[in-house]
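First the structure, in the form of structure tokens, and then the observations on it.
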Amino acid sequence: MKKLVANKNNTTNKTVVRKVQDKTGPKKFKLLELTNNLTHSAYKAMRRDLPKLIGKCINTLDNYSYISIDSNEDIPYHVALKIEKYFGIQPGSLSNLPI
């Protein structure tokens, strides 16, 4: 993405603006799928209760949702187990990676 910046003498320089995190593409975990399937009231309750349950803030939970499949980042095992238990899915099924 290019951004035009005007100088004092009305000349323009092109500067490159980089995205911090690309939120498109395949994800390592199924958090987005699980949250998108919730009703509005269940989604609001999840946003309120799940961060308290796992001991992390809501921003960390959002970051977990957007981890790319080719990233080195990972959700700690004990946190992933709590998330799976909250959504009522089988242990180990939160990951989109093949075994």
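For (1) surrounded by fewer than 14 Cβ atoms within 10 Å (Cβ to Cβ); (2) modelled with pLDDT of 95 or more; (3) not basic (Lys, Arg), each residue gets a yes or a no:
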site	(1), (2), (3)
ASN13	yes, no, yes
VAL17	yes, no, yes
ASP22	yes, no, yes
GLY25	yes, no, yes
LYS28	no, no, no
THR35	no, no, yes
LEU38	no, no, yes
What are the pairs, 6+ residues apart or on separate chains, where a residue within region 69-82 that is of a type outside the set (D, E, K, R) has its Cβ under 6 Å from a residue that is in a loop (DSSP other than H, G, I, E, B)? ILE69/PRO26; ILE69/LYS28; ALA80/LEU94
Just to be sure, is LEU38 assigned to a helix (DSSP H, G or I) and on the phi < 0 side of the Ramachandran plot? no
When region 58-99 is checked residue by residue, the ones that are among the small types (Gly, Ala, Ser), within 16 Å of TYR43 (Cα to Cα) and in a helix (DSSP H, G or I) are SER65
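Taking region 68-94 only, how many residues are closer than 14 Å to LEU34 by Cβ and β-branched (Val, Ile, Thr)?
First, pick out the residues of region 68-94 that are closer than 14 Å to LEU34 by Cβ: 75, 80, 82-90, 93-94.
Okay, now just the ones that are also β-branched (Val, Ile, Thr), so 75, 83, 89.
The qualifying residues number 3.
The values are calculated or read from the model by the stated rules, or taken from the named source; none is laboratory data. These figures come from a predicted structure and were not determined experimentally. Glycine gets a Cβ as well: all are built from the backbone with ideal geometry, and neighbour counts include every protein chain shown.
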